[in-house]
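As structure tokens, the structure follows; a few thoughts come after it.
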Amino acid sequence: MGIETEYGLLYASTTTGEQLLDPEETAHHLFEPLLHKARSTNAFLPNGARLYLDVGAHPEYATAECDQLADLLANDRAGDALYAQMAAEAEVKLSGGRMHLFKNNLDSYGNSFGCHENYLVRRRRDFRQRIDGLIPYFVTRQIMVGAGYLHVGPEGASYRISQRADKMNDAVSAATTRSRPMVNTRDEPHGDAELYRRMHVIVGDSNMCDATAALKMGATEAVLDAVEDGLRLPNRALADPVRAIREVSADTTCGAVLKLADGTTMRAIDIQREVHDLVRAHFEANGWMGLDPLRAYVFDLWGRTLDALERGDHDSLSTEIDWIAKRKLLGRLAERLGTGLDDARVQRLDLAWHDITGAGLRHKLEASGGLKKLISDDTIAQAMGIPPQTTRAKVRGDFVALAMEHRRDYMVDWMNIRLLEDAGAHQVLLKDPFNPVSAEVEELMEIIGE
């Protein structure tokens, strides 16, 4: 599994809040140390991840490939911490303003940027059929893992569950921006193409709460595990998935009734409940539930969330589910001010919720128990420099760390390791993402250490 996160970027006055530099200039200052160190704004890091500047001046971070959910959450949080560190260093050099990085999915102009989930699955001829069968799950999943969206327009402000829902144009497609689908089918496995395909999910929101992020990735991994093990999900094909995802996002009671392709209707929460019950039963029947405490927590949170939403008991989820936690915070401020959600101060608090720098709210909320924290600060700090130890990321991360230390010329991507020398390049191809060792790469590292 892996997560790609695009961040919003702003350098603003600490007194007026006005933008002091345009996004391109701000990005230049943010990435200047990386450019000096790696001679590029696109670099693989010693922790196995990739950090780079994407189109539109969006800083982006792609986690290392992980086969353990705990490693994935730690590596993802490490990306936030690395960017926060870079922003703090840039602030010192610039002086006079504050650099903000927002882990959200919409800017003030309505432009959307993504949080993409990647899952390695077996290559099968019925890949498209299986993806189509998962669309109802992804459409309804947002009632649990949406980031919360404060929509402000001429008619006032309204709160919705998901930031990405209104930006979806298709259910399944090979496109990403021209026609933004929920699942992208571009065939880039980043591994042995005869064995694997990558399921590239681009419908999800960026999450600030560890618990919500764990639920988003962990529940989806569990669904895929069960389906690849032979579980058949009921046919709940939606008549119009794009319309359905908007309807689900707009209904904060989670009671949205969706029209199915067969002409019947079904509540979003019932579709999600059906998937949960079938997958949980499959895990229990196979004795998989006790293999991983974090996975057990995900199943517990999945079930508790559906139960609480059914009862309308949002308070019991206010420290674990992003959209509920943020809505509660914004509502409290609006009530204290005696205003509506369209008040500028409420909108600023909405942005602060997603700010991963020192100006943000997450660290304070986690310290006070307002947000459940699953990954300790020590683990995050370790993940900033050390790759996951059970996947190909270890090979790549260890190589990059040594090459950087010795200032050797190299090139890497997800599958390739190249050591560049005057006599030519030494290249190793790593086709197995599950293999954390490579004798060939160890030989290259011995050359570097000579």
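At-a-glance table
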quantity	calculated
Residue among I143, I131 that is open to solvent by less than 20 Å² (accessible area, probe 1.4 Å) and either farther than 30 Å from A393 by Cβ or part of a loop (DSSP other than H, G, I, E, B) (or both)	I143
Selection from region 33-80 of residues that are more than 17 Å from M1 (Cβ to Cβ) and of a type in the set (S, T, N, Q)	S40, T41, N42
From the options V428, V437, residue that is of a type in the set (V, I, T) and without any contact (Cβ under 8 Å) to a residue 24 or more places away in the chain	V428
Set D292, D240, D251: member being among the acidic types (D, E), within 24 Å of D170 (Cβ to Cβ) and open to solvent by less than 70 Å² (accessible area, probe 1.4 Å)	D251
Selected residue (criterion: surrounded by the fewest Cβ atoms within 10 Å (Cβ to Cβ)) from residues of region 56-70 that are part of a loop (DSSP other than H, G, I, E, B) and at pLDDT below 95	G56
Residue tally, condition more than 28 Å from F434 (Cα to Cα) and in a loop (DSSP other than H, G, I, E, B), over region 176-190	4
Condition check for L53: open to solvent by 50 Å² or more (accessible area, probe 1.4 Å), in a strand (DSSP E or B) and not assigned by the TED database to the domain that holds R197	yes
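The values are calculated or read from the model by the stated rules, or taken from the named source; none is laboratory data. Being a predicted model, the structure only gives us computed values, none of them experimental. Neighbour counts run over all protein chains shown; Cβ positions are idealised from the backbone, glycine included. These area figures cover heavy atoms from the full protein model, side chains too; ligands, DNA and RNA do not enter into them. Shrake-Rupley method; radii C 1.70, N 1.55, O 1.52, S 1.80 Å.
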